[in-house]
Structure formats: C-alpha cells, structure tokens
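The values are calculated or read from the model by the stated rules, or taken from the named source; none is laboratory data. Because the structure is predicted, anything quoted here is derived from the model rather than measured. Ideal geometry is used to build each Cβ from the backbone, glycine not excepted, and the neighbour counts take in all protein chains shown. What goes into the accessible areas is simple: the full protein's heavy atoms, side chains included, and nothing from ligands, DNA or RNA. Shrake-Rupley method; radii C 1.70, N 1.55, O 1.52, S 1.80 Å.
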Amino acid sequence: MIRALLAASTLAALLLAAPAAAQQRRGAVDVESYRIELLIDPAQQTLSERAQATFVPTEDRVQTVSFELHNSLNLIAAEAEGGQALQTSRRFNEHAVDLFFPQPLERGRPVTVTFQISGALRGDEESPVYGITFAAIRPDHAFLLYPARWFPVSGYTTDRYQMELTVRAPAGFRVLSSGVAVPAAGGQGITFKSTTPGFYGSLALVQGEPRRVESEGSVTEVWFRGERQANAQAWGEETGRVMAYLTSVFGVPPYRSLTLVETGEGAPNGYAAPGILFISTSAAGAKPNLRLLANQITRQWYGILFSPAHRNHIWITNGMARYAEILYLEHLNGAQAVEPEIRDLYVDALTVTDAPVRQAARFEDYSPEFFAITGSKGAAVYHMLRWVIGDQAFFKFLKAATDQFANRSVTTDDVRRLAESISGENLQGFFIQWLESTDAPEFRLKYTIYRTQKGFRVMGTIQQDLDTFRMPVELKIETEGNPEFQRVIVVGPSTDFSVDTFGKPRKVIIDPNGRVLRFSRDMRVAVAIRRGEQFAEIGQYNDALKEYQKALEVNPISSLAHYRVGEVFFLMGNYQSAANSFREALNGDQEPSWTVVWSHINLGKIFDITQQRDRARNEYQQALRTKDNTQGALEEAAKYLQEPYQRKENQ
C-alpha cells in the first residue's frame with residue numbers, strides 16, 4: 001500500500017510538472033532495429049551508451065512516443081534525425097521516458113532517434129522488475145539483461161527487432177552476447193550483429209576461460225566463477241542431455257550449442273537469451289537443476305525462435321517452458337513418476353481466479369500471480385490439450401509449431417488453428433474454457449449397476465456446475481477382474497453415460513489420472529494452503545492465516561494446514577498458539593508425513609524459548625524416532641538436542 005501511494009504521488013507530481021505535450025496520448029510504434037555503442041567501466045560500475053532506435057509509427061498523427069528505461073540511468077539527450085533535440089519527460093513510477101515530437105509522425109514511415117545515456121548499475125538499485133536484479137556491473141564481472149531496460153525498450157517481450165551492439169570494456173574482460181561476433185570498427189571492442197528479429201541486448205562481462213563440455217552432440221561453454229567452476233562440467237553435460245531431448249520434441253534448435261553464464265545473487269535463477277542461458281549464483285550448485293535447464297532451454301524455441309504478439313498471449317511461451325520441465329522428468333522417470341508433479345502444477349494453476357489467462361498483462365512481471373496464470377495454468381492447458389487430441393497429434397503439433405511460427409510473433413488463435421489442423425478437431429470451446437474463463441469444474445458422480453446377459457452395465461450421470469464446459473473425461477470402472485476405462489464427453493451441467501463390463505463393478509472413478517484441471521475437496525484444501533504460503537512468503541501473515549483457515553474449514557484434520565498455521569504463529573512470536581497448531585498437526589491426517597518430524601522439532605524450539613528444556617529434549621527425541629530426514633530434519637533435531645535453540649533477535 002505504501003509503495004502504491006508513493007507511486008501515485010510521484011505520478012501526480014510528474015503530471016503537474018510535465019509540459020502540455022505530455023498530456024498527449026502516447027502512440028503505438030514498431031521498433032525495427034537498434035544500433036548501440038556501449039562502454040562499460042567495471043571499476044566505476046558505470047556504463048555510457050549511444051543508442052539509435054529505428055521505429056515505425058503504427059497509428060496516424062503520433063506525436064508522443066514512449067520507451068522504457070532503467071530509472072538509475074540518466075537520459076542525457078534524445079535527438080531526431082538531423083540532430084534535432086527532442087523534449088523528454090521521465091515517468092519514474094513506470095521506468096519510462098516519453099519523447100515529444102514537434103510535428104506528428106507519418107504512419108508507416110521509419111523514424112530514427114538517438115539516445116545518449118549514462119549511469120551506474122551496481123545491482124542494488126530498484127529494478128524495473130521489483131525485487132529482482134537484472135543488471136549489475138561489478139569490478140570483476142557484469143551482466144546486463146534485457147528486462148533491466150538498460151537500453152530504451154518498446155514493446156517489452158512482444159516487439160521483435162534487429163540489433164547491432166558494439167561493446168567496449170577494459171583489457172582482461174571478454175564480452176558475451178547474442179548474434180554474430182565481429183571485431184568492432186577501429187579494432188576497439190566487439191560488435192554483435194543479429195541475423196533474425198528477436199530480443200537481443202543481454203550480455204555479460206567475464207574473465208578467464210570457460211569450461212567447454214561436449215555432450216549428446218552439442219558443445220556447451222560454461223562460465224562459472226570461483227568455487228562454482230567445479231560445477232561447470234556437470235552443468236555442461238546435463239545441458240547437452242536436455243538439449244538432445246528437447247530437440248527430439250521441438251525439432252532443430254535455433255542454437256545447437258549454448259553458453260551458460262553465471263550472473264549473481266538476487267538475479268533470477270535463470271534467464272534465456274538467444275544462444276545464452278544466464279544462471280544465478282545461488283542456482284549454480286553442484287547438482288544441475290533439471291527443471292531450470294528444461295525450462296530455460298525450451299525458451300530457445302518458445303520465446304526466442306517465436307514469441308507472443310501481446311503479453312496476454314504469453315502463456316504460449318511460459319506455459320510450454322513450465323510444461324517442458326514435466327516432459328523432461330517424464331522422459332527420465334516415466335509417466336507415473338510425474339503424477340505428483342501434475343497435481344502440484346494444477347494446485348498452482350488454481351491459486352489465481354480473478355483473471356483469465358488471456359488477461360495476463362494485468363499482472364506484474366515475474367510476480368507469483370503472473371507465473372501461476374501464464375506458467376502453471378499455461379502448462380496445464382498444454383497437458384489437457386495432450387489428453388484431448390492424443391499423444392501422437394500433440395507431439396506432432398509441438399514440432400509443427402517451431403516450423404510454422406519461426407521468427408514471428410504468434411497469438412492464441414494461431415496456436416489453436418495449428419492444433420486444430422493437426423488433430424482434425426474443433427478446439428474453440430477448449431481454448432475458451434481454459435484461457436478465457438477463470439472457472440474450473442467440480443465433478444459429482446451418480447451411477448447404478450445392472451446385471452446383463454453378458455455381464456454388467458454401469459449407468460450414471462456426471463454432474464458439474466459450468467454451463468459452457470465441454471471436454472472428454474475418463475472413467476475407470478474397477479471390477480473383480482481387470483479395470484475398464486471409458487472416455488466420456490462431458491457437456492454442460494449433466495452428462496449421462498453407460499459402460500458394459502464383464503466383471504462385476506466395484507467402484508467407478510472419474511478422471512482417475514487427474515488429467516482435468518478441476519476442483520475437489522482435496523484440491524480446495526491444497527489451493528488454499530498454497531495461497532497461504534504465498535502470503536506468508538511476503539510477510540502478509542494475517543492473509544496467510546485466512547487462507548489456511550479456509551483449508552481447515554474443508555478438512556479440519558489437515559496436518560499441513562495446521563502446520564502452516566503453527567509456522568505463522570511462530571514467526572509472529574505467538575508461541576502458545578503455535579504450539580497448539582503443531583499439536584493439531586500431530587493429531588491430524590499426517591499428510592504429508594514430514595509434518596510429524598517437523599512439528600516435534602518446532603515444539604522443541606518453543607519449549608527451549610520458554611525455558612522448558614526437558615520438554616524440548618523430549619520433542620527432539622521424538623523427532624529422531626521418526627527417522628524422517630526430510631530437509632535435514634534429523635540433523636536439526638540432533639543439533640538442538642545437544643544445544644538449546646536460541647530465539648532470533650528479530651523474533
């Protein structure tokens with residue numbers, strides 16, 4: 001709230017101070033190319049740049065044009081062709097700058113503007129993406145990523161462009177970026193030239209030599225620093241394996257060999273640029289992160305080879321990147337092994353119900369809500385599409401997408417039409433249900449078993465509350481012999497079905513493999529808990545407690561909900577309430593099982609804080625008896641069995 005008020009007051013001040021031209025509507029433009037000359041000074045942690053942006057107005061009588069630019073960078077000057085100085089105004093609440101042209105621009109006629117920009121980017125400034133560092137110039141390394149808006153950006157993540165980037169840095173540094181690298185004119189620096197439109201401008205300054213790793217037919221250069229250099233071989237090998245698998249799924253990659261570069265603390269775990277993966281220091285551990293690699297390498301196709309035409313279509317890329325994590329784990333471990341992954345995916349997808357996927361632009365970039373709706377629900381849509389059209393058509397669709405969409409911007413309708421052409425099915429209702437609606441069904445099943453001359457017949461009705469719902473749903477009929485499966489097209493609130501079986505039916509299960517994104521008693525509990533966890537992570541404890549209470553209203557014996565309540569009360573310093581909740585967790589359904597060992601440990605901590613050492617030791621001993629070492633629980637219990645837990649000062 002405080003941040004919102006400050007932003008509102010800043011905006012009001014800017015509007016009052018801006019010239020009359022600032023009140024004009026900002027026109028839409030299509031950036032065609034950039035030509036940037038960049039000088040980086042690691043010792044001073046500064047940069048200076050001359051950036052030429054060539055764009056085409058896509059509307060009539062455009063007179064005000066907006067670009068996004070990092071607030072920590074100073075816009076020294078902006079000139080139109082012929083050196084004409086342009087009037088400018090900064091909108092710091094939006095990391096943006098407005099350019100005011102003295103005469104309306106002609107629609108469709110290219111315009112070139114030259115920006116002179118300088119400033120310091122040490123990595124501790126407020127980022128255009130709140131709380132995430134996308135740019136940092138350090139004495140021994142640097143990284144400048146596209147989301148940092150270190151150069152003037154228009155049409156963030158949607159407007160594809162060509163770029164010629166020349167970078168100069170002190171001796172001893174090497175520049176890594178995307179495009180064809182050639183020596184800069186005059187022999188000072190290096191120039192990177194793009195060959196197809198895309199999202200260029202992410203770069204790194206590195207020192208030393210990389211680890212070159214050959215794996216599965218590709219060569220990966222790994223630029224890790226310090227002690228993490230020892231992890232480079234494992235990361236390079238896994239990168240090759242992931243690339244080989246994804247190539248079999250999506251087809252020929254735009255970049256066969258990749259470069260992995262370590263960024264720093266506070267950076268996103270991973271960021272994909274053309275031919276380059278930027279990996280944060282915290283993520284570059286000894287064991288390669290399979291999910292991270294699958295997600296980021298997939299973006300070489302989905303996001304770089306082709307990209308969404310508007311941020312409301314960004315589920316196309318974020319959803320596939322998220323689903324690729326599951327596809328790769330399925331490839332390694334089999335379909336049954338990823339069933340819990342699908343359930344977690346669906347839980348996350350259902351945490352956001354106040355906007356449909358096709359309105360994703362409403363959410364802040366990189367926020368939990370943004371990734372829940374574009375990543376998790378987007379992946380859920382792909383998973384359900386796979387079920388609807390079948391594996392053969394689905395994987396044919398994935399390869400066809402990279403062929404037909406290459407080097408262009410795509411929309412949801414483009415994806416739908418391609419899936420329809422390959423599957424031969426009309427998928428309009430499917431895409432409307434899952435991308436333009438926030439609802440999900442909750443099935444109710446009624447049935448009767450009859451004896452027939454050849455065996456048995458199950459006749460029943462599937463009910464749910466959505467009038468517009470239409471989708472195939474699987475039924476499993478457990479019998480005295482082998483189970484029977486039937487695919488039923490559920491249409492509207494009530495759908496009848498009839499299934500003949502040879503063996504006597506014992507039970508009918510709807511959607512036994514959890515293919516449909518839907519609510520159930522257990523799902524409502526899991527979704528409420530996940531929402532509570534999201535609130536707790538950002539310190540909104542009262543909102544977290546409200547969500548956990550919703551879970552307990554559905555399932556009063558949910559050990560996980562009681563445990564999360566105990567965690568919140570513990571963080572708030574309400575130790576009696578925390579102890580009560582941990583006791584309830586022990587007396588609940590004990591799902592997941594780790595709630596037992598950690599409830600004992602937390603009870604022990606509470607007793608240590610309240611100077612009841614004997615009772616604390618008893619709880620730690622009970623924790624050890626569980627032999628459950630989830631997240632190092634046994635080591636934690638043994639530690640505090642020897643030495644009492646000390647309350648942290650900020651508690």
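The separation of segment 525-551 from segment 599-622, counted between C-alpha centres, amounts to 26 Å. In this Cβ point-charge picture (+1 for Lys and Arg, -1 for Asp and Glu), segment 559-638 has a dipole of about 220 debye about its Cα centre.
In the list [x] 42.4; [y] 44.5; [z] 34.3, the label attached to mean projected area of the Cα convex hull in nm² as derived from the coordinates here is [z].
Take every Cα pair under 8 Å in the chain that's 6+ residues apart, average their separations, divide by the length, and report that relative contact order as a whole percent.
With pairs under 8 Å counted, the relative contact order is 7 percent.
What is the list of residues in segment 311-329 whose amide nitrogen lies under 18 Å from a point 7 angstrom out from the Cα of Asp354, following Cα to Cβ? Hits in segment 311-329 for Asp354 at 18 Å: none.
Averaged per residue, what accessible area in Å² does the chain show with a 1.4 Å probe, protein chains only?
On the way: 29400 Å² over 651 residues.
On a per-residue basis, 45 Å².
Regarding segment 444-524, what is the average projected area of its C-alpha convex hull, in nm²?
On the way: hull surface 21.5 nm².
Directional mean of the projected Cα hull area for segment 444-524 stands at 5.4 nm².
Annotation: for a label point projected 7 angstrom from Cα along Cα→Cβ of Ser498, residues of segment 425-459 with backbone N closer than 18 Å are 446-459.
Mind checking the full-extension length gain between Lys399 and Val180? Use 0.36 nm per residue of separation minus the Cα-Cα distance, one decimal, nm.
Working: separation 219, 0.36 × 219 = 78.84 nm, distance 2.64 nm.
This chain segment gains 76.2 nm when fully extended.
Taking label points 7 Å from Cα along the Cα-to-Cβ direction, Asn407 and Ala234 give a separation of 4.0 nm. Placing dummy labels 7 Å off each Cα toward the beta-carbon, the span from Ser248 to Glu364 is 4.2 nm.
A Förster distance of 56 Å, applied to the separation of the beta-carbon atoms of Ser593 and Ala120, puts the FRET efficiency at 0.65.
A simple spin-label model places pseudo-atoms 7 Å from Cα toward Cβ; at Ala286 and Ser257 they are separated by 3.0 nm. Projecting the Cα atoms of Phe502, Asn587, Phe485 onto the dipole axis of the chain, where Lys and Arg carry +1 and Asp and Glu carry -1 at the beta carbon, places Phe502 farthest toward the positive end.
Across segment 253-260, computed HN-Hα scalar couplings (Karplus, 6.51 cos²θ - 1.76 cosθ + 1.60, θ = phi - 60°) run x, x, 9, 5, 10, 10, 10, 9 Hz from first to last residue, x flagging Gly and Pro. Apolar share of the accessible surface for the chain: 46 percent from carbon plus sulfur atoms, 1.4 Å probe.
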